[in-house]
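In what follows, a single structure is set out as structure tokens and then discussed.
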Amino acid sequence: MAEPLIAEPAAPARHPEPAPQEASGPGKTAATAQPPARPLTAIDRAMTDYLQHMGVERGLAANTLSAYRRDLARYARHLAHTGRQRPDEITRHDVTGFVQALSDGSDGGSTLGIRSAARTVVAVRGLHKFWALEGVTPTDPASDVHPPMPGKRLPKAISVDEVTRILEAVGTDTATGLRDRALLEFLYSTGARISEAVGLDVDDISLPTAGQDGDAGQDGDAGPAVVRLFGKGSKERLVPLGSFGARALDAYLVRGRPLLSGKGKGTPALFLNARGGRISRQSAWTILKTAAEKANITKDVSPHTLRHSFATHLLEGGADVRVVQELLGHASVTTTQVYTLVTADTLREIYAAAHPRALG
């Protein structure tokens with residue numbers, strides 16, 4: 001169950017506001033002082049009902065639900081400032097005023113970039129749609145209020161050679177080195193989100209027991225390595241794991257993980273930290289950054305870069321976009337099609353350089 005938007009305290013009904021959103025942009029810092037307490041309203045309770053619906057009925061991932069909670073907490077403060085206490089008092093003017101406040105900070109919060117503001121408006125629109133469908137409000141005042149449209153940002157992939165250099169920069173003479181190599185090979189072999197990778201348990205991986213290259217042995221009994229990933233909304237998908245990734249994971253499970261596990265209290269987590277607990281997303285990010293620096297990669301590289309590279313390299317190799325969609329766990333193929341723009345740009349460059357009548 002989703003935790004309440006605002007915890008309802010004992011009488012008198014006063015409660016602390018959530019911390020303000022982190023400032024965006026250079027030179028901006030988030031305020032450290034907590035805003036003054038205000039009375040709990042019917043809007044706060046109705047928002048909590050919506051968050052519980054999104055967490056239980058819709059199965060939103062914990063990180064997504066946390067973002068919704070922050071966005072709606074700011075919306076609740078905005079509405080309280082305008083004197084609204086019940087959902088049916090909210091007007092379209094209140095919604096558009098909030099959208100404007102996201103860009104200029106006129107509500108006392110930090111100014112948000114286009115993408116962050118768009119995410120917040122989507123949360124507000126979903127809230128009002130839910131209230132209207134549930135009969136909490138007679139109409140939906142946000143139905144024709146649209147989020148700001150960010151420009152189409154192409155995913156940033158790195159070349160196959162750069163990926164190889166990063167992977168080979170990781171030493172495998174220690175338990176943590178074996179883990180780091182297995183983690184990075186896994187991210188590139190599967191295109192998994194970093195949250196999916198660090199959330200894996202050992203039982204989510206199926207490695208072949210015959211053969212040496214991630215394929216069946218001579219008797220054909222063992223199949224390819226497969227991993228079970230849990231994406232956004234806890235949606236499950238099965239993704240094959242290439243031979244390089246399978247060998248790296250096997251080496252880690254045999255020679256690395258037992259040493260790390262012995263330092264903890266026992267956990268089913270696949271990737272462990274030096275204390276034997278589940279590795280964090282921040283640690284995984286640091287592992288990749290360190291490997292990129294050792295490989296003398298000067299580009300900005302993040303775990304999502306490997307996901308982008310996985311998709312781009314598949315499409316460049318001739319994979320169907322709908323197959324890539326399934327592997328990435330995208331709900332809509334339109335999300336995946338942005339990668340075709342990258343490969344189309346590459347094709348145009350090759351054509352322009354190679355065809356005798358491309359330029360004249």
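The values are calculated or read from the model by the stated rules, or taken from the named source; none is laboratory data. Source: prediction; values computed, not measured. When we count neighbours, we look across all protein chains shown, and the Cβ atoms used for this are built from the backbone with ideal geometry, even at glycine. Side chains included, ligands, DNA and RNA excluded: accessible areas come from the protein's heavy atoms. Shrake-Rupley method; radii C 1.70, N 1.55, O 1.52, S 1.80 Å.
Structure data summary
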read-out	value
Residues that are in contact (Cβ under 8 Å) with a residue 60 or more places away in the chain, in contact with a strand residue (DSSP E or B) (Cβ under 7 Å, 6 or more places away or on another chain) and not in a loop (DSSP other than H, G, I, E, B), drawn from region 248-268	Leu249, Arg257, Leu260
Unmet criterion (only one of (1) open to solvent by 70 Å² or more (accessible area, probe 1.4 Å); (2) at pLDDT 90 or above; (3) over 20 Å from Thr111 (Cβ atoms); (4) within 24 Å of the chain's Cα centre (by Cα)) for His53	(1)
Residue match in region 287-297 (condition: open to solvent by less than 60 Å² (accessible area, probe 1.4 Å), part of a loop (DSSP other than H, G, I, E, B), closer than 26 Å to His330 by Cα and in contact with a helix residue (DSSP H, G or I) (Cβ under 9 Å, 6 or more places away or on another chain))	no
Scope region 176-202; condition open to solvent by 20 Å² or more (accessible area, probe 1.4 Å) and not aromatic (Phe, Trp, Tyr); matching residues	Thr176, Arg179, Asp180, Arg181, Ser189, Arg193, Ile194, Ser195, Gly199, Asp201, Val202
Selection within region 269-282 - in a helix (DSSP H, G or I) and either without any contact (Cβ under 8 Å) to a residue 40 or more places away in the chain or within 13 Å of Arg181 (Cα to Cα) (or both)	Gln282
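For every residue, the table says whether it meets (1) of a type in the set (S, T, N, Q); (2) at pLDDT 90 or above; (3) not in a helix (DSSP H, G or I).
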{"position": "Gly59", "(1), (2), (3)": "no, no, yes"}
{"position": "Asn63", "(1), (2), (3)": "yes, no, no"}
{"position": "Tyr75", "(1), (2), (3)": "no, yes, no"}
{"position": "Val95", "(1), (2), (3)": "no, yes, no"}
{"position": "Asp107", "(1), (2), (3)": "no, no, yes"}
{"position": "Val122", "(1), (2), (3)": "no, yes, no"}
{"position": "Leu127", "(1), (2), (3)": "no, yes, no"}
{"position": "Gly135", "(1), (2), (3)": "no, yes, yes"}
{"position": "Pro148", "(1), (2), (3)": "no, no, yes"}
